[in-house]
Amino acid sequence: MESFKKNMDLYFENNEIHKQIKILHSQILENKQTVKVLSNEEQFLSKDEVTEAVRLKDEVTEAVRLKDEVTEAVRLKDEVTEAVRDLKEQEKDVEHSQKNMCNLKEQTILLRKEVDAINKRNAAQLSRLKHHLEEKKNRCSALKVEIASLERKLKELEKS
């Protein structure tokens with residue numbers, strides 16, 4: 001908002017400068033014309049008239065210098081305007097990046113929740129599998145004891 005206000009101030013200042021340029025330009029043209037006339041008639045001029053002509057020539061020189069300064073000011077104003085435009089684009093890029101960061105954070109949170117849910121399901125399944133494996137081990141142990149018992153009985157039967 002502040003850069004917009006600065007731009008508007010520069011815009012109005014620029015308009016004022018252009019008005020002054022037009023006034024100075026018309027004065028320059030008038031003074032150049034006066035100098036031409038005075039130069040042609042210089043041989044007939046009095047000392048006061050020559051002094052006035054020199055003063056007018058100095059005014060023209062000053063007006064040209066001012067015109068150059070105004071041109072430079074306009075060029076600088078254009079550079080400032082371009083810099084402000086670049087800054088606004090950078091601000092938009094930063095805002096876009098911040099939105100992307102927020103979206104990524106939200107996605108990360110959702111993914112963490114999903115991973116936590118998967119981990120809980122896996123833990124429950126692992127617990128069931130361990131219990132099932134324990135049952136199978138117990139059954140195997142019982143079968144080994146039964147096999148050993150049957151083998152003893154078989155040996156006894158073979159001996160008799």
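Any idea how far apart L66 and L87 come out in nm if each label point goes 7 Å out from Cα toward Cβ? Here the modelled spin labels are 3.1 nm apart.
If you plug the beta carbon distance of Q33 and V74 into 1/(1 + (r/R0)^6) with R0 = 30 Å, you get a FRET efficiency near 0.70.
Taking N138, N103, N31 in turn, the Gaussian network model of the chain (Cα-Cα springs below 10 Å) assigns the largest fluctuation to N138. Cross-link partners for K113 among the lysines, with Cα-Cα distance under 26 Å and sequence neighbours closer than 8 places in the same chain left out: K99, K105, K130. Our estimate of slack between E16 and V50, defined as 0.36 nm per intervening residue step minus the Cα-Cα distance, is 8.8 nm.
Packing order of peptides 56-66, 8-18, highest average first: 56-66, 8-18 (average count of other Cβ atoms within 10 Å over each peptide's residues). Rg and Dmax of the chain, both derived from C-alpha coordinates alone, stand at 49.4, 167 Å.
We did not get these values from a lab; they are worked out from the coordinates using the rules stated. As the structure is a computational prediction, the values presented were derived from the model and not from experiment. Methodologically, a virtual Cβ is constructed for each residue, glycine included, from the backbone with ideal geometry; neighbour enumeration extends over all protein chains shown.
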